[in-house]
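S.K.: My questions all concern the structure below.
The values are calculated or read from the model by the stated rules, or taken from the named source; none is laboratory data. Model, not experiment: these values are computed from the prediction. No Cβ is skipped: glycine too gets one built from the backbone with ideal geometry, and neighbour counts run over all protein chains shown.
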Amino acid sequence: MSHTEPTAGRSGQQSNLLTVSGLSKAFGENVVLESIDLAVQPGQVTALIGPSGSGKTTVLRCLNGLETPDGGVVSIADGPSLDFSGQVKAKDLSALRDQSAMVFQHYNLFPHMTVLENVIEGPVQVKKQRKADAVRDAESLLARVGLADKKDQYPFELSGGQQQRVGIVRALALKPALLLFDEPTSALDPELVGEVLGVIKELADGQWTMVIVTHELAFAREVADEVVFMDGGVVVESGHPDTVLRAPKEERTQRFVQRLLNPF
Amino acid sequence: MRLSRNRLASAVARVYVSIIRGTPLLVQLFVIFYGLPSIGVVIPPWPSAIIAFSLNVAGYAAEIIRAAILSVPKGQWEAGHTIGMSRTRTLRRIILPQAARVSVPPLSNTFISLVKDSSLASLILVSEMFRQAQEIAAFSQQFMMLYLEAALVYWVFCLVLSSGQSYLEKRLDRYVAH
């Protein structure tokens, strides 16, 4: 396994917002992640790319506590630095989870709640924000993604692109230190992809720190500060998008990029 | 309880549901009213009936609610967790409201059955409606009249329950595409 040192020296000595080292995870016999290292600095956007089954989504899910890793250390922003090779307390796990919020491939909006209720659920129920404040924040976020007039509708009344924008706003409303995107446009009709990518790009420009699992290479090249290519549960190659996507060093990366650029 | 992560709780629930669903309600009634006195527990007819029906409906309802909870997609749990909710809070705020919608029709079926099965209580000497009908019929010899009348009363009860069911379904359906 040859690991490229993640992000070494690109922004000087600034401390990382996300540090992952030696992350590993197996489902039964099936080893999904083998000692993954990642580092993301504040305001930086990292794109995780790779063939399906390469483990990139699992990395994301481990960061958000949706999967419990078998080993490795994860630390995000002000949260605890958790070593998963030992027992991890539920309290620490939820403290880690509070540092990030996930945008799902299939949006996973709450169907029994209106758009506004979806967005304020976390701030009001979990963060104990005053409802009036949460509503005001939610309305301004919804306006920013062009959905101000949809706030009283139910998710089923919205298009996929609109639902995903609500999904993004729901994550933003928690003011997480780190935003996680799990193939945010893979479930969308092609003509709706643009509106969602546009929102994500704005967030990237707005200095949000993000990890994005994506198959949209052009998008990754445009917004990412670093691209990490994974295959078979390991990081094969990582670095500046221009390097990894245009002139990859590793043969596996070359093949993957070629395949996506020339599917036929 | 069957969904509990606690193995013991889950096993107890499984056995309970299995016994309740695997034995006739009439037998359950008889065990409680005629059976228990032989081990020294004597329960009068009315409480016996109430206990037996409650235990019985609980078994069926538990299974319905379990299935309804399982029918909510896993992504809903994950979405709850990602906005910082604990398991309990996700269950209460996110999962149960969605499970409620799914469970209304089968739960209504169970309650409608309960109304009709209450006639079985006559067999443990509870003077419920059907038993009274029997007694009056025996006295007046108007069998057809009285049994049809009893049937009508059961039907009206069930109609009320059914309309309650449609009201609930409509209310809970407001967030679903038609």
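S.K.: Would you point out the residue of region A:82-103, among those that are touching a residue at least 40 places away in the same chain (Cβ under 8 Å) and closer than 16 Å to A:Leu179 by Cβ, that is farthest from the chain's Cα centre (by Cα)?
M.R.: A:Asp98
S.K.: Still on this structure, I have one more. Condition test on B:Ala138, is it touching a residue at least 12 places away in the same chain (Cβ under 8 Å), out of contact with any Lys or Arg (no Cβ under 7 Å at 6 or more places or on another chain) and part of a helix (DSSP H, G or I)?
M.R.: Here the answer is no, as B:Ala138 does not meet what is asked.
S.K.: Hey, another quick one. From the list A:Gly79, A:Gly43, which residue is in a loop (DSSP other than H, G, I, E, B) and under 14 Å from the mean Cα position of the chain (by Cα)?
M.R.: When all the criteria are applied, what remains is A:Gly43.
S.K.: Between B:Ala99, B:Ala58, B:Ala68, B:Ala62, which is closer than 24 Å to B:Glu128 by Cβ, aliphatic (A, V, I, L, M) and in a helix (DSSP H, G or I)?
M.R.: B:Ala58
S.K.: Within 14 Å of chain B (Cβ to nearest Cβ), more than 16 Å from A:Glu139 (Cβ to Cβ) and surrounded by fewer than 22 Cβ atoms within 10 Å (Cβ to Cβ), is that true of A:Ala187?
M.R.: Yes.
S.K.: Here is a follow-up. Would you confirm, using the coordinates I've provided, whether B:Ala79 is more than 24 Å from A:Val169 (Cα to Cα), touching a residue at least 12 places away in the same chain (Cβ under 8 Å), in a helix (DSSP H, G or I) and not basic (Lys, Arg)?
M.R.: No.
S.K.: To continue, here is another question. Residues being more than 13 Å from every other protein chain (Cβ to nearest Cβ) and either under 24 Å from A:Phe181 (Cβ atoms) or touching a residue at least 40 places away in the same chain (Cβ under 8 Å) (or both): count how many of those fall in region B:82-112.
M.R.: Residues that pass the stated criteria total 8.
S.K.: List every residue pair whose Cβ atoms sit under 8 Å apart, with the two residues 6 or more apart in sequence or on different chains, where the first one lies in region A:163-177 and is among the charged types (D, E, K, R) and at pLDDT 95 or above and the second, anywhere, is part of a helix (DSSP H, G or I) and surrounded by fewer than 23 Cβ atoms within 10 Å (Cβ to Cβ).
M.R.: Short answer, once both residue conditions are applied: A:Arg165/A:Glu195; A:Arg165/A:Val199.
S.K.: Just wondering, is there one or more residues in region A:77-84 that are among the polar types (S, T, N, Q) and modelled with pLDDT of 95 or more?
M.R.: Looking through region A:77-84, none of the residues is among the polar types (S, T, N, Q) and modelled with pLDDT of 95 or more.
S.K.: For region A:103-131: of the residues being facing chain B (nearest Cβ under 7 Å) and polar (S, T, N, Q), which is surrounded by the most Cβ atoms within 10 Å (Cβ to Cβ)?
M.R.: So the residue we want is A:Asn108.
S.K.: For B:Phe130, indicate whether it is out of contact with any Ser or Thr (no Cβ under 9 Å at 6 or more places or on another chain) and either more than 14 Å from every other protein chain (Cβ to nearest Cβ) or of a type in the set (S, T, N, Q) (or both).
M.R.: no
S.K.: Looking only at region A:46-63, filter to residues that are more than 12 Å from the chain's Cα centre (by Cα) and farther than 22 Å from A:Arg97 by Cβ; which one of those is surrounded by the fewest Cβ atoms within 10 Å (Cβ to Cβ)?
M.R.: Across region A:46-63, the extreme among qualifying residues is A:Ser52.
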